[in-house]
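The values are calculated or read from the model by the stated rules, or taken from the named source; none is laboratory data. Quantities reported herein were computed from a predicted structural model and do not represent experimental measurements. Positions of Cβ are generated from backbone atoms using ideal geometry, with glycine treated the same way; all protein chains shown enter the neighbour counts.
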Ligand SMILES: Cc1cc2nc3c(=O)[nH]c(=O)nc-3n(C[C@H](O)[C@H](O)[C@H](O)COP(=O)(O)OP(=O)(O)OC[C@H]3O[C@@H](n4cnc5c(N)ncnc54)[C@H](O)[C@@H]3O)c2cc1C
Ligand code: FES
Ligand code: FES
């Protein structure tokens, strides 16, 4: 047996046995009586439960991220530092973030406030890290700073519409952090925290928990070989990466779990590497970690990733989880289909590589065999004659699931379509390419007439459903329009302004 150990601020917590599905939120409130962290929705949507988790970065400094404690299992905290709103006071005084909210009258109901405080605190820690990298004369302008604040607060809801004072407080903190390096207790104790966490990082973690005669198990392997072995022994084990999908089975569907296996310490799966032609994304790499590399090669992915869930969700959620969840409305599969990505699957010592289009079989059914898991995702790097775009259509900008997501990648030579690949979400039971439309365009002229034919062919490719996000007719019409928009945007010199779409 190996216990879960983590720092709660600067105090060690040790858990030798607990129901593996127990959330950080419930652990704080029920086991530790730390009730500053609130429950609003228990589904990752409102941010009232936001806490900050610190991990040791590759440069041996602490990296702090805001996460939703309601959809994070407490057992996944091994080797990390957990900071809650109770820990921010500095020698009896409020933390500068708390003081800024008081000074700007940013707290009204008080229920959402701890979540806002923690998101702004995490943002201030990001600023501290940037302080070392960015020169004062390189600071973003006011509009860009406001955008950054809105992005940092995208996962926090204020139900009484008191956003302005909260945003003002966050802007003040941002300005302050860029002017002078903060020296709060977390910064002062950083070296000690890093050393303490490093000392336990590779410890084995697994235990059993029995209640009413039901035995449950938790494993946190550190290598793919170990993970493969655990899955061979427990074929029905559930995998958890970020937990932003799986946790809803616990908090919304009230299901239990007999064997839970955490992927966040599997070294090979937490790496993002590059070869000459590919970006190789370990299945446990989060959106926040993968963003800059992906956007570096495919700038159009920036808006999509920034609109995927909230900052908290992107800090936890993984691309591997998005694929493993196999939802027809996941945002990354359409992109990855259009880019011709593949998944590397593993069972025991055997690996196989599968084009993503062969991974999704039917609604929530995948090509994964018993005991098999996604080890990494291989994304081809762009080539010279390639044009790529992705469009997310949702009712809200922040923290909303797509009604439809469409991605296009075309390879053009002398105005002839060498190849074209597409990926659509929300149009079928699985994320899917528009094969009929692609066939019409492949080998022909890249011309408006051909696009109009491809638009018509979409009705042979898809029969979308109507639901509360959008009607079938809307989904079809908007997908056809996005095809034309992609064509227009691909035209050199075309005066097309990139605007955000709403359903
Ligand atoms: C508030 C909120 C907003 C969201 N918004 C969006 C959005 O805008 N767009 C979007 O696409 N999604 C959204 N999601 C869904 C979710 O965040 C994503 O699907 C995310 O990528 C899931 O990753 P995860 O690591 O959290 O997966 P987990 O919850 O850990 O796992 C999801 C499923 O995949 C399986 N799995 C995980 N890793 C592997 C693996 N390596 N091999 C095999 N199976 C595996 C798990 O067993 C589980 O069944 C949202 C979720 C929340 C809570
Ligand atoms: S309680 Fe709403 S996001 Fe966690
Ligand atoms: S201040 Fe809490 S809902 Fe607005």
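In table form, for the structure just shown:
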read-out	value
Any hit, the stretch 107-119, residues being surrounded by fewer than 20 Cβ atoms within 10 Å (Cβ to Cβ), more than 25 Å from residue 284 (Cα to Cα) and more than 15 Å from ligand 3 (Cβ to nearest atom)	no
Elements of type helices (runs of 4 or more DSSP H) in the stretch 149-205, at least 3 residues being under 21 Å from residue 84 (Cα atoms) and out of contact with any helix residue (DSSP H, G or I) (no Cβ under 6 Å at 6 or more places or on another chain)	185-188, 190-200
Set 331, 292: member being more than 16 Å from ligand 3 (Cβ to nearest atom), surrounded by fewer than 22 Cβ atoms within 10 Å (Cβ to Cβ) and at negative phi	292
Selected residue [in a strand (DSSP E or B) and modelled with pLDDT of 95 or more] from 423, 443	423
Qualifying residue in the stretch 397-413 (condition: farther than 16 Å from residue 327 by Cβ, surrounded by fewer than 16 Cβ atoms within 10 Å (Cβ to Cβ), in the same structural domain as residue 464 (by TED's automatic domain parsing) and without any contact (Cβ under 8 Å) to a residue 12 or more places away in the chain)	no
Odd one out for residue 457 among (1) over 20 Å from residue 336 (Cα atoms); (2) surrounded by fewer than 16 Cβ atoms within 10 Å (Cβ to Cβ); (3) more than 29 Å from the chain's Cα centre (by Cα)	(2)
Filtered residues of the stretch 457-485 (kept if touching a residue at least 12 places away in the same chain (Cβ under 8 Å) and either over 30 Å from residue 399 (Cβ atoms) or in a loop (DSSP other than H, G, I, E, B) (or both))	457, 459, 460, 462, 463, 464, 469, 470
Some residue of the stretch 36-48 being in contact (Cβ under 8 Å) with a residue 24 or more places away in the chain, within 14 Å of ligand 1 (Cβ to nearest atom) and farther than 16 Å from residue 111 by Cβ	yes
Residue 178 vs. criteria within 16 Å of ligand 3 (Cβ to nearest atom), more than 26 Å from the chain's Cα centre (by Cα), at pLDDT below 95 and in the same structural domain as residue 145 (by TED's automatic domain parsing)	no
Among residues of the stretch 251-290, those that are in a helix (DSSP H, G or I), within 13 Å of ligand 1 (Cβ to nearest atom) and over 18 Å from residue 326 (Cα atoms), counted	7
Elements of type helices (runs of 4 or more DSSP H) in the stretch 300-350, at least 1 residues being more than 16 Å from ligand 2 (Cβ to nearest atom) and farther than 20 Å from residue 278 by Cα	301-306, 319-325
Some residue of the stretch 89-102 being within 20 Å of residue 170 (Cβ to Cβ), surrounded by 18 or more Cβ atoms within 10 Å (Cβ to Cβ), over 26 Å from the mean Cα position of the chain (by Cα) and away from ligand 3 (no atom under 16 Å from the Cβ)	yes
Test: residue in the stretch 133-147 that is exposed (fewer than 15 other Cβ atoms within 10 Å of the Cβ), assigned to a helix (DSSP H, G or I), touching a residue at least 24 places away in the same chain (Cβ under 8 Å) and not assigned by TED's automatic domain parsing to the domain that holds residue 57	yes
Matching residues, the stretch 341-368, being touching a strand residue (DSSP E or B) at 6+ places or on another chain (Cβ under 7 Å) and farther than 17 Å from residue 283 by Cα	none
